[in-house]
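> Take a look at this one; I'll ask things after.
The values are calculated or read from the model by the stated rules, or taken from the named source; none is laboratory data. A quick note: this is a predicted structure, and the numbers were derived from the prediction, not measured. Note that we place each Cβ from the backbone using ideal geometry, even for glycine, and neighbour counts take in every protein chain shown.
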Amino acid sequence: MDITDIRQSFPVLNQDVNGHPLVYLDSSATSQKPESVIAALDDYYRSYNSNVHRGVHTLGTRATDAYEGARENVRAFINASSTEEIIFTRGTTTSINTIAYGYGLDFVSEGDEIVLTPMEHHANLIPWQQVAKKTGATLKYIPMQADGTVTVEDINETVTDRTKIVAMAHVSNVLGTINPIKETAQVAHRHGAVIVVDGAQGVPHMSVDVTDLDADFYVFSGHKMLGPTGIGVLYGKKALLNQMEPVETGGEMIDFVDYYDASWKELPWKFEAGTPHVAGAVGLSAAIDFLNDIGMDTVHQHEEELLSYAFNQLEKVDDLEIYGPNERAGLVTFNMKDVHPHDVATVLDADGIAVRAGHHCAQPLMKWLDVTATARASFYLYNTKDDVDALVKGLQKTKEFFGNVL
């Protein structure tokens, strides 16, 4: 993996911010886009912009072929059994809401259980809160270990025969924890429950095989994996998707409409009402091609090496508390003693270093950590050890500045 060539593929990285070379360490929020993705979007709008599935003219056919070709590319990327199991959505949040309201409301009843973890992003928490309120179900949480992990033993003790849904992040967007999805699926299925996996931080950073994981539903967003914003994926087992009613109805997803009734198209189109984000699907497909050319195992290995280097270098910064387990995905979440994370991020930004500060859409996890907010540096395939060195230097500068102020 030639990191120099890879970085040259990302035009946004070639700029100064506040008089300093940009050091982008916020890929967990959204990743940057390579030239090939930008070119794919440009080519679609310049050459064959059209609606899909409707027209018989040449541009419509080209757009439809590209859109459905993107679906096949996604299917292969996560090793789903069929393109019927790949639904295009606006992103992870829309995908989870579709499952919550299209499956949860119909298959969860009063007294049933929905099992979560305290590390869930709000997108994989609030929809289940709403389902519980509407159905009378009970929310339960798998306890976390002191390092921010969950054990199979605790999963076994939390999931019962009353559990109908287990919703879990593949990778925590705050702690970097990589959860035992395959083992959790086995526990859930043993009790007759389904597992919903938030893969927003999983798919961009490691090889994901939904068939091997035996996930019932697996969702992710294009913009976190080099693709455009506004496009995401809902993978669901065909048998479950066939049981569900569409949450959104209108044009395109129908088979037949009469004055008083309507019937739906077959999968996957019954869940894709209206004009889809064709350009987004085309861009996502180009992003998958880019990742495939590098290899997801190579991406993961690069992030592991970068994370190991980051841990060693961050030890040079006094009064820095790092949260989460030793074995994790490529991000570091931390706080500096007596300095608010927003202040940390502001000082770093003055040197062109972009990190995230706040509760990261995970307020229950902040409560578990006994903090109101944290700072987070997240790495991706285009980051280097030089970026880590810049972060460390920036943190040392931050500590010195606030040490003098205090």
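> Please count how many residues of the stretch 243-268 are surrounded by 11 or more Cβ atoms within 10 Å (Cβ to Cβ), assigned to a strand (DSSP E or B) and of a type outside the set (A, V, I, L, M, F, W, C).
1
> Can you tell me which residue among Glu35, Glu85 is surrounded by fewer than 18 Cβ atoms within 10 Å (Cβ to Cβ) and either among the acidic types (Asp, Glu) or out of contact with any Leu (no Cβ under 8 Å at 6 or more places or on another chain) (or both)?
Details: Glu85 fails: surrounded by fewer than 18 Cβ atoms within 10 Å (Cβ to Cβ).
Among Glu35, Glu85, only Glu35 is surrounded by fewer than 18 Cβ atoms within 10 Å (Cβ to Cβ) and either among the acidic types (Asp, Glu) or out of contact with any Leu (no Cβ under 8 Å at 6 or more places or on another chain) (or both).
> If you check Thr249, Thr158, Thr149, which single one turns out to be over 24 Å from Arg328 (Cα atoms), of a type in the set (Val, Ile, Thr) and not assigned by TED's automatic domain parsing to the domain that holds Gly330? Can you show your working first?
Numbers: Thr158 fails: over 24 Å from Arg328 (Cα atoms); Thr149 fails: over 24 Å from Arg328 (Cα atoms).
One residue alone meets the criteria, Thr249.
> Suppose the filter is under 16 Å from the mean Cα position of the chain (by Cα), in the same structural domain as Arg54 (by TED's automatic domain parsing) and among the acidic types (Asp, Glu); does Asp212 pass it?
No; evaluated as a whole, the condition is false for this residue.
> If you don't mind, there's one more thing I want to ask. I'm trying to understand the selection: among the residues of the stretch 42-84, which are among the polar types (S, T, N, Q) and within 27 Å of the chain's Cα centre (by Cα)?
Of the stretch 42-84, the ones among the polar types (S, T, N, Q) are 47, 49-51, 58, 61, 64, 73, 79, 81-83.
Within the stretch 42-84, Thr64, Asn73, Asn79, Ser81, Ser82, Thr83 qualify.
> Would you tally the residues in the stretch 10-42 being farther than 30 Å from Asp198 by Cβ and free of Cβ contacts under 8 Å to residues at least 24 places away in the same chain?
Qualifying residue count, the stretch 10-42: 3.
> Between residues in the stretch 297-312 that are farther than 11 Å from Phe379 by Cβ and residues that are among the hydrophobic types (A, V, I, L, M, F, W, C) and at pLDDT below 95, which pairs lie under 7 Å by C-beta distance while being six or more apart or on different chains?
Filtered contacts from the stretch 297-312: Thr298/Met1.
> Okay, next question. Restricting to the stretch 358-380, count the residues that are small (Gly, Ala, Ser), within 20 Å of Lys337 (Cβ to Cβ) and crowded, with 20+ Cβ neighbours inside 10 Å.
Here is the first cut: in the stretch 358-380, the ones small (Gly, Ala, Ser) are 358, 362, 373, 375, 377-378.
Those left that are additionally within 20 Å of Lys337 (Cβ to Cβ): 358, 373, 375, 377.
Then keep just the ones that are crowded, with 20+ Cβ neighbours inside 10 Å; that gives 375, 377.
Residues in the stretch 358-380 being small (Gly, Ala, Ser), within 20 Å of Lys337 (Cβ to Cβ) and crowded, with 20+ Cβ neighbours inside 10 Å: 2 in total.
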